[in-house]
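Undergrad: Quick one: the structure is below, and I'll ask about it shortly.
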Amino acid sequence: MIYLDNAATTWPKPACVAQTMTDYALNVGASPGRASHRLSLAASRVVYDTREALGRLFGVSDPLRIVFTANGTEALNLVAMGYLNSGDHVVTTSVEHNALMRPLRHLESLGVRLTIVPCGVDGTLDPAAVEQALRPNTVLLAINHASNVVGTVLPIAQIGAIARMRGILMLVDSAQTAGAYPIDMAAMGIDLLAFTGHKGLFGPQGTGGLCLGERVDVERLRPLKRGGTGSNSESEEQPSFLPDKYEAGTLNAVGIAGLGAGARYVLEQGVSRIRRHEEELTACLLSGLRAIPGLQLYGTGDASLQVATVSFNVTDIQPSEVAERLDEEHGVLCRAGLHCAPAAHRTIGTYPRGSVRFGLSYLNTLEQVDAAVEAVRSVASER
Ligand SMILES: Cc1ncc(COP(=O)(O)O)c(C=O)c1O
């Protein structure tokens, strides 16, 4: 079996992730931040260590400015719902995942003004087009770091510089890049970094979070939910300090333990090494697919301009049938359809048909990529 659905969730994970979670479940298990007994303190330490590892990865010097959420979607919702008010203007792109697009569309129905800057057919974005979309009431730029359909990396640092110059906050959806592509919040001008734990960071599902840059006014950003935090328990008001303001309810501590192991694994391997390997796999996949007759490849076609997520179609066969045959006849597991990003498919011209998506991970090999290309060639030859 060759698992190529890593753009949805990476699998397998490095062995240390399951080991750390098992160790947590067997030997720690208590609620972090809720009591002063030894197991609760050990749980708090595990959670803090994960914040600290993520801080090293993203260039966040204060680990308390990293808040945990249930997934990337919740982190994006936190910013959309917590920062935008009726009459505010927000700028986004035409390759966003529904994790961002749906909250923005909902807010639009409540009076938030929304501009969607069109990306090119290959998923590229012109920073000048973003600048032209700004208005006096623009308060937020909300931008995908890399498309989950074609993998194209967007020019975050250039857009971040524009945001800084204009005094606007920039939210980045790093679901497809965190752990797999270098991210330095300060250097790239990122104010709010939404990340998911279960993809390139190799954590389990049910993990994610939001990093709050120095320019973010925590007074202004409302929490998505309110409730117990184990702090200020005499008060019926949500604490105003970090991270408790945004972390109501018991955390997914066993998941956060696994996420910490995943993040430390990424730090040990080094993001640049991970990136090099994924770029090599992607280049090999692109050139293999390109040589198959009757196959349409989407995106820039240049591995250096994208993450390891590749979309294609086989002429005259529905994407779902291609994926089914790849699984049943060749043991290649991938994903077909719209990948929760209809706007991205409209952008690349594959709406409503969708595409077949191969998502590679650091733990895939060149041999697996070669075998997957041969499997596609076989399916395409039996059209
Ligand atoms: C670009 C992008 N944004 C957001 C998300 C949502 O992340 P999560 O599954 O952690 O909610 C995904 C997941 O597929 C994604 O690919």
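Undergrad: On a full-extension model of 0.36 nm per residue, what is the gain between A18 and R105, subtracting their alpha-carbon distance, rounded to one decimal in nm?
TA: Separation in residues times 0.36 nm, less the Cα-Cα distance, equals 27.6 nm.
Undergrad: Oh, and also: Would you kindly derive the ³J(HN,Hα) couplings of region 90-97 from the backbone phi angles with the Karplus curve 6.51 cos²θ - 1.76 cosθ + 1.60 (θ = phi - 60°), listing them in order in whole Hz, with x for Gly and Pro?
TA: Values, residue by residue: 10, 10, 9, 10, 8, 10, 6, 6 Hz.
Undergrad: State, to one decimal in nm², a quarter of the convex hull surface area for the C-alpha atoms of region 290-351, i.e. the direction-averaged projected area.
TA: Working: hull surface 19.3 nm².
Result: 4.8 nm².
Undergrad: Something else now. With everything on Cα atoms, drop me the angle between helix 38-58 and the longest principal axis of the chain, reported from 0 to 90° to the nearest 10.
TA: 50 degrees
Undergrad: At a Förster radius of 30 Å, what calculated FRET efficiency corresponds to the Cβ-Cβ distance of L366 and S320, to the nearest 0.05?
TA: Computed FRET efficiency for L366 and S320: 0.60.
Undergrad: Then there's this: Quick one: in region 128-235, what % of C-alpha pairs are over 19 Å apart?
TA: 51 percent
Undergrad: Quick check for you: with a 1.4 Å probe and neighbouring chains kept, what is the accessible area per residue of the chain, in Å²?
TA: Each residue of the chain exposes 39 Å² on average to a 1.4 Å probe.
Undergrad: On to the next question. Per q in 0.12, 0.18 1/Å, what log10 I(q)/I(0) does a Debye calculation on the alpha-carbon atoms of region 228-383 return?
TA: With one equal scatterer per Cα and no solvent, log10 I(q)/I(0) is -0.66, -1.05.
Undergrad: DSSP loop GluC sites (Glu not before Pro) in region 316-380 with at most 15 other Cβ atoms within 10 Å of their Cβ, which ones?
TA: Working: sites: E321, E324, E328, E329, E367, E374; in loops: none.
Passing both the DSSP loop test and the Cβ count: no residue.
Undergrad: I would also like to ask the following. Please give the calculated 222 nm ellipticity per residue for the chain, where each DSSP H segment of at least 4 residues contributes -39500 (n - 2.57) and the sum is spread over every residue; nearest 500 deg cm²/dmol?
TA: Rounded to the nearest 500, it is -12500 deg cm²/dmol.
Undergrad: Grab the Cα-Cα distance for A161 and E214, subtract it from 0.36 nm times how many residues apart they are, and report the gain in nm with one decimal.
TA: On the way: separation 53, 0.36 × 53 = 19.08 nm, distance 1.51 nm.
Between A161 and E214, full extension yields an extra 17.6 nm.
Undergrad: When N counts the residues of region 80-158, how does its alpha-carbon radius of gyration compare numerically with 2.2 N^0.38 Å, as a ratio?
TA: Its radius of gyration relative to the 2.2 N^0.38 Å reference: 1.05.
Undergrad: Taking the Cα centre of each part, how many Å lie between region 305-328 and region 180-229?
TA: Between the Cα centre of region 305-328 and that of region 180-229, the gap is 31 Å.
Undergrad: To the nearest 10 degrees, how steeply does helix 15-27 sit against the main Cα axis of the chain, on a 0 to 90 scale?
TA: It works out to around 30 degrees.
Undergrad: Sort out for me the Cα centre separation of region 30-46 from region 128-153, rounded to whole Å.
TA: What the calculation gives is 40 Å, centre to centre.
Undergrad: Additional query: What translational D, rounded to a whole number of µm²/s, comes out for region 121-191 from Stokes-Einstein when the hydrodynamic radius is the Kirkwood one over Cα pairs, at 10 °C and 1.306 mPa s?
TA: Reported coefficient: 128 µm²/s.
Undergrad: Under the 0.36 nm per residue contour assumption, what length would be gained going from the current alpha-carbon distance of E329 and R290 to full extension? Can you show the working numbers first?
TA: Values: separation 39, 0.36 × 39 = 14.04 nm, distance 2.16 nm.
Extra length available between E329 and R290 comes to 11.9 nm.
Undergrad: For q values of 0.17, 0.23 Å⁻¹, compute log₁₀ I(q)/I(0) with the Debye formula on a Cα-only model of region 5-85, without solvent.
TA: -0.95, -1.24
Undergrad: At a 1.4 Å probe radius, carbon and sulfur cover how many percent of the accessible area of the chain?
TA: Values: 7570 of 15050 Å².
Here it works out to 50 percent.
Undergrad: Can you give me the long-range amide H partners of D5? Hydrogens built in the peptide plane at 1.01 Å from N, cutoff under 5 Å, separation of 5 or more residues or another chain.
TA: G359
Undergrad: Can you list the trypsin sites (Lys or Arg not before Pro) in region 157-224 that are in a DSSP coil and have 11 or fewer other beta carbons within 10 angstrom?
TA: Passing both the DSSP loop test and the Cβ count: R220.
Undergrad: Enter the angle in degrees (range 0 to 90, nearest 10) between the Cα long axis of helix 366-381 and the first principal axis of the Cα atoms of the chain, meaning the one along which they spread out most.
TA: For 366-381 against the chain, the angle is about 50 degrees.
Undergrad: Ordering K13, K225, K245 by how much accessible area each has at a 1.4 Å probe, largest first, what is the list?
TA: Putting K13, K225, K245 in descending order of accessible area: K225, K13, K245.
Undergrad: Related question: Taking a 1.4 Å probe, which of S378, S272 shows the most accessible area, and what order do the others take after it?
TA: In descending accessible area the options line up as S272, S378.
Undergrad: Based on alpha-carbon positions alone, could you give the equivalent ellipsoid semi-axes of the chain from the gyration tensor, as √(5λ), descending, whole Å?
TA: So the three semi-axes of the chain are 35, 27, 17 Å.
Undergrad: Find the Cα radius of gyration of region 213-252, compare it with 2.2 N^0.38 Å by division, and give the number to two decimals.
TA: So region 213-252 has a normalised radius of gyration of 1.16.
Undergrad: Going highest first, how would you order 132-140, 247-255 by mean Cβ packing within 10 Å?
TA: The peptides rank, most packed first, as 247-255, 132-140.
Undergrad: Roughly how many Å² of V121 are accessible to a 1.4 Å probe, to the nearest 10?
TA: Ignoring ligands and nucleic acids, V121 comes out at about 100 Å².
Undergrad: Next question, about the same structure. Could you work out the Rg to Rh ratio of region 203-296, with Rh taken as the Kirkwood radius (inverse of the mean 1/r over all Cα pairs)?
TA: Checking Rg against Rh, the ratio lands at 1.21.
Undergrad: Sorting R222, R113 by accessible area (1.4 Å probe), largest first, what list results?
TA: The ordering from most to least exposed comes out as R113, R222.
The values are calculated or read from the model by the stated rules, or taken from the named source; none is laboratory data. Every value quoted in this text rests on a predicted model; they were computed, and no experiment measured them. Note that we place each Cβ from the backbone using ideal geometry, even for glycine, and neighbour counts take in every protein chain shown. The area values use the complete protein model at the heavy-atom level, side chains included, leaving out ligands, DNA and RNA. Shrake-Rupley method; radii C 1.70, N 1.55, O 1.52, S 1.80 Å.
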